[in-house]
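Data first, discussion second: the structure below is written as structure tokens.
The values are calculated or read from the model by the stated rules, or taken from the named source; none is laboratory data. Predicted model only: the values in this text are computed from it and were never measured. Cβ coordinates were reconstructed from backbone atoms using ideal geometry, including for glycine residues, and neighbour counts include every protein chain displayed. Just the protein is used for accessible areas: all its heavy atoms, side chains included, with ligands, DNA and RNA removed. Shrake-Rupley method; radii C 1.70, N 1.55, O 1.52, S 1.80 Å.
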Amino acid sequence: MTVSDKVAGYLKRMPVSPFYAILDYVVDLGLQKEAVYLNMGEPHFDTPIHIREAAKKALDGGYTAYTPQPGIFQLREAIAEKLKRENGIEVDPKTEVFVTNGAQAAVYVALKTLIDPGDEVIVPSPYYPPYVINTEILGGKPIIIPFDLRDDLTLEPEEFEKHINEKTKAIFIHSPNNPIGGVISEENLKAISEVALRHRIPVVTDECYEKILFDGVKHTSVASLPGMKDLTLTISSFSKSYSMTGWRVGYLAAEASFVKSFAKIHHTINICVNSVAQWAAYAALTGPHDFMDKWQKVYETNRGIILEALEKSDVTKLAVRPTGTFYVFLDITKLGMSSEVAVRFFVREAGVVLTPGSGFGSYGEGYVRMSFATQTENVEKAISRLVEVLEKSS
Ligand SMILES: Cc1ncc(COP(=O)(O)O)c(C=O)c1O
């Protein structure tokens, strides 16, 4: 018996993420320097200076000890104010807000709060992989339903209805959506929440791209819909909105009894979120926001370049018009390759690194995800090379 035999069975069964395999392939081809990387899921901007200054001040001021488990009160209060002002959700900062190590930890904590082994969680696909991986790690069963991509990003309420039974303990909603790049309409969210309310199934909603929107499209928070406040576990984060991916600050807002459970779980693995990072997040919420207009312009320019290039050439189309996040989901079915093979093809032929759609569940097959959170010249270079390669192979 080797030492690796000692690793738990569920980990041995867990596949290696295809997201990282493509980077190994770039190295194998020796293309690390020339490649254009559009596979990343993070803004390319520096964290704004006033946020960094607040962190330095916290460090020099000696804010280096454990903080209260749910997070420093000033930050929870600022989050509650933001939720009221921007999302139409009224929460008590003392009992209904919990600061987590990013939205990533929030996903785990929310699931661990809701499910016992054998329970079921309904997850629309394509999905952000940790929704499914965490459900499986916790001994639950993910029930995958498809997004309807015919016109826009839509979920059929009947799909939820069909799969709800006594084992269903949560429904996952994620809008604006990674990897699809669309936003679920308020009307559609209302229809889904009516199903959740009828069956009293909690909704876990990941809204971490809530500020990255286009074409005047509005983001609706599930918890703001009639009757949904106590049945919703809202996840958000500082990572994407404030370009703070490495700081690791996110949060959960939910009814007080859920929040008490979050504390039990988050404490066992984190104790609390990094104190200095929490003060930085507090500065993010309470400080100036003018940088966001500048970032928005860059995203709009980059997205416009992609849309224009694809309009001029009919080599491929997008899953939906990208109205939220900094991703587009490109249809590659014409190539007649799996998405994992296609991303290798694009590295080899175009020097562009993308993410295979299959990494987001089986309904992501037939697509590749392209991020436009990068310098405009990278987007220009990448899209023209991709179109050229696709034209040649069609
Ligand atoms: C949909 C979604 N949820 C959560 C996360 C994790 O975010 P955080 O950095 O806040 O942990 C990501 C990161 O890419 C994401 O795309």
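Observations on the model:
- Elements of type helices (runs of 4 or more DSSP H) in the range 99-194, at least 2 residues being out of contact with any Ser or Thr (no Cβ under 8 Å at 6 or more places or on another chain), within 30 Å of LEU75 (Cα to Cα) and assigned by TED's automatic domain parsing to the domain that holds MET244: 102-114, 130-137
- Taken together, the residues in the range 287-305 that are open to solvent by 40 Å² or more (accessible area, probe 1.4 Å), free of Cβ contacts under 8 Å to residues at least 24 places away in the same chain and more than 15 Å from LYS240 (Cα to Cα) amount to 2.
- Residue in the range 38-48 that is farther than 30 Å from VAL97 by Cα and either within 25 Å of the chain's Cα centre (by Cα) or open to solvent by less than 50 Å² (accessible area, probe 1.4 Å) (or both) present: yes
- Yes/no for LYS190 being modelled with pLDDT of 95 or more, of a type in the set (Lys, Arg) and more than 15 Å from the ligand (Cβ to nearest atom): yes
- Across the range 12-48, the number of residues qualifying as in contact with a helix residue (DSSP H, G or I) (Cβ under 9 Å, 6 or more places away or on another chain), among the hydrophobic types (A, V, I, L, M, F, W, C) and not in a loop (DSSP other than H, G, I, E, B) comes to 5.
- Being touching a helix residue (DSSP H, G or I) at 6+ places or on another chain (Cβ under 6 Å) and assigned to a helix (DSSP H, G or I) holds for only one residue in ILE235, ILE269, ILE265, and it is ILE265.
- Test: ALA253 is of a type in the set (A, V, I, L, M) and over 20 Å from the mean Cα position of the chain (by Cα): no
- For GLY216, the requirement of being assigned by TED's automatic domain parsing to the domain that holds GLU166, within 16 Å of the ligand (Cβ to nearest atom) and modelled with pLDDT of 95 or more is not met.
- Within the range 254-262, none of the residues are open to solvent by 10 Å² or more (accessible area, probe 1.4 Å), in a loop (DSSP other than H, G, I, E, B), more than 14 Å from THR95 (Cα to Cα) and at pLDDT 95 or above.
- Note on the range 59-80: residues that are among the small types (Gly, Ala, Ser), at negative phi and assigned to a loop (DSSP other than H, G, I, E, B) total 2.
- Here the condition is being at pLDDT 95 or above and either under 16 Å from VAL203 (Cα atoms) or aromatic (Phe, Trp, Tyr) (or both); of PRO142, PRO117, it holds for PRO142 alone.
- Qualifying residue in the range 28-51 (condition: basic (Lys, Arg) and modelled with pLDDT of 95 or more): no
- In the range 220-253, of all residues being surrounded by fewer than 24 Cβ atoms within 10 Å (Cβ to Cβ) and of a type in the set (Val, Ile, Thr), the one that is nearest to the ligand (Cβ to nearest atom) corresponds to THR245.
- Residue within the range 186-194 that is open to solvent by 10 Å² or more (accessible area, probe 1.4 Å) and within 25 Å of ASP331 (Cα to Cα) present: yes
- Inside the range 49-70, residues that are open to solvent by less than 10 Å² (accessible area, probe 1.4 Å) and out of contact with any helix residue (DSSP H, G or I) (no Cβ under 6 Å at 6 or more places or on another chain) make up a count of 0.
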